[in-house]
Amino acid sequence: MKTLFDTNTLVAALVETHPHHPRAWPWLIKAKQKDVIGLMGTHSLAEIYSTLPKLPIHPKISPSLAERLILEDIIRIFRPLCLTKTIISRFCTFWQPTTSRAVRLMTL
């Protein structure tokens, strides 16, 4: 099953102290173990790199650690996907206000 992971889910999976880590982490593991095909928007790479050092956590995540997490834990597991108009339309149809904001996943 192909599964699109958004930036919030990936950040939550990477940061153990994130309130949604317990829900996001198992999905990262599923992608790592190839139980699902992990996809992510290419824009998420920049968003993750920008977000991690700004999180209100201690110790802070340095830009170099953010880069390492992306290279070692994201790029190796997830396939970057350029979000086309069709994919965005499907995502918007899928994404309803009642959907859990903790883990935002869409089966493609």
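The values are calculated or read from the model by the stated rules, or taken from the named source; none is laboratory data. The structure displayed is predicted, hence computed values, not measured ones. Counting neighbours? That spans all protein chains shown, and the Cβs are built from the backbone with ideal geometry, glycine included.
Beta carbons closer than 7 Å, at least 6 apart along the sequence or on distinct chains, never pair a first residue in the stretch 1-21 that is at positive phi and among the basic types (Lys, Arg) with a second that is part of a helix (DSSP H, G or I) and at pLDDT 95 or above. Against the condition of a type in the set (A, V, I, L, M, F, W, C) and modelled with pLDDT of 95 or more, how does residue 88 come out, does it pass? In short, no.
Out of all the residues in the stretch 37-56, which are among the charged types (D, E, K, R) and either under 11 Å from residue 70 (Cα atoms) or under 12 Å from the mean Cα position of the chain (by Cα) (or both)?
Initially, the stretch 37-56 is screened for residues among the charged types (D, E, K, R), giving 47, 54.
Listed by number, the list holds a single entry, 47.
Restricting to the stretch 22-45, count the residues that are without any contact (Cβ under 8 Å) to a residue 40 or more places away in the chain, in a helix (DSSP H, G or I) and either loosely packed, with under 12 Cβ neighbours inside 10 Å or not small (Gly, Ala, Ser) (or both). Here the count works out to 6.
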